[in-house]
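Read the structure below first, then the notes.
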Amino acid sequence: MNMDIAAVNALPYEDFVDILGNVVEKCPIITAAVWSGRPFLSLAALEAAISEFIDALPESEGILRCHPDLAGRDHQSGSLTRESHDEQAGSGMGALNSGEASRMARLNQEYKERFGFPFVICARMHDKENILRQLSARCQNERAVERARGIEEVKKICHLRLQSLVLTDSRL
Ligand SMILES: NC(=O)N[C@H]1NC(=O)NC1=O
């Protein structure tokens with residue numbers, strides 16, 4: 001599926017949410033909310049509408065909690081969303097040796113106990129060594145810093161998911 005922004009703007013509500021509903025993991029309500037802002041002049045304008053909606057939420061940790069752990073339970077049971085599956089596979093989450101896998105599980109748990117929400121990172125921008133390093137370092141941050149950092153990562157994931165669905169047109 002690869003459309004231009006005009007095709008996106010022409011989508012009826014149901015199709016818009018079916019196609020773009022997972023650009024923020026398991027949060028189709030965000031896609032549903034921005035539909036009324038059509039027509040979008042560009043992919044960047046659609047992305048900005050999503051970003052503004054997220055920033056206006058009174059509570060953003062719920063979005064972080066919708067994300068599966070990297071190499072976590074959903075990864076093992078095969079119940080990831082297609083997008084998350086592809087991202088995790090691309091960053092080597094399926095190729096952890098047993099030492100890396102137990103370190104990832106331990107640090108994910110530690111992170112969640114400390115902050116009350118899961119560690120989120122744009123997996124497509126990192127390899128497994130880098131992800132483990134960042135996870136370990138980010139466990140030391142303040143809660144408010146991590147909340148903001150997690151949301152920044154959600155927006156990077158959203159950017160790449162949108163790009164894979166919508167053709168960017170240099171004339172727009
Ligand atoms: N926990 C976490 O970061 N999950 C994710 N990151 C990513 O790129 N895709 C995900 O599902």
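The values are calculated or read from the model by the stated rules, or taken from the named source; none is laboratory data. The shown structure was predicted, so the numbers you read here are calculated from the model rather than taken from an experiment. Neighbour counts are summed over all protein chains in view; Cβ atoms, including those assigned to glycine, are modelled from backbone coordinates with ideal geometry.
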For the range 92-125 the number of residues that are more than 7 Å from the ligand (Cβ to nearest atom) and in a loop (DSSP other than H, G, I, E, B) is 5
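Suppose the filter is over 13 Å from the mean Cα position of the chain (by Cα) and either away from the ligand (no atom under 14 Å from the Cβ) or charged (D, E, K, R) (or both); does Leu132 pass it? Don't jump to the end; show me each part of the working.
Values: over 13 Å from the mean Cα position of the chain (by Cα): yes; either away from the ligand (no atom under 14 Å from the Cβ) or charged (D, E, K, R) (or both): no.
No: the conditions fail for Leu132.
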Here the residues within the range 60-72 that are at pLDDT 95 or above and either away from the ligand (no atom under 12 Å from the Cβ) or among the charged types (D, E, K, R) (or both) are Glu61, Gly62, Arg65, Asp69
Residue pairs within 6 Å by beta carbon, gap of at least six or interchain, first lying in the range 32-48 and in a helix (DSSP H, G or I), second among the hydroxyl-bearing types (Ser, Thr, Tyr) and loosely packed, with under 14 Cβ neighbours inside 10 Å, listed first then second, are Trp35/Tyr13; Leu43/Thr168
Would you mind stating whether Arg65 is closer than 18 Å to Val24 by Cα and either surrounded by 17 or more Cβ atoms within 10 Å (Cβ to Cβ) or touching a residue at least 12 places away in the same chain (Cβ under 8 Å) (or both)? yes
In the range 1-31, how many residues are in contact with a His (Cβ under 9 Å, 6 or more places away or on another chain) and away from the ligand (no atom under 16 Å from the Cβ)? 0
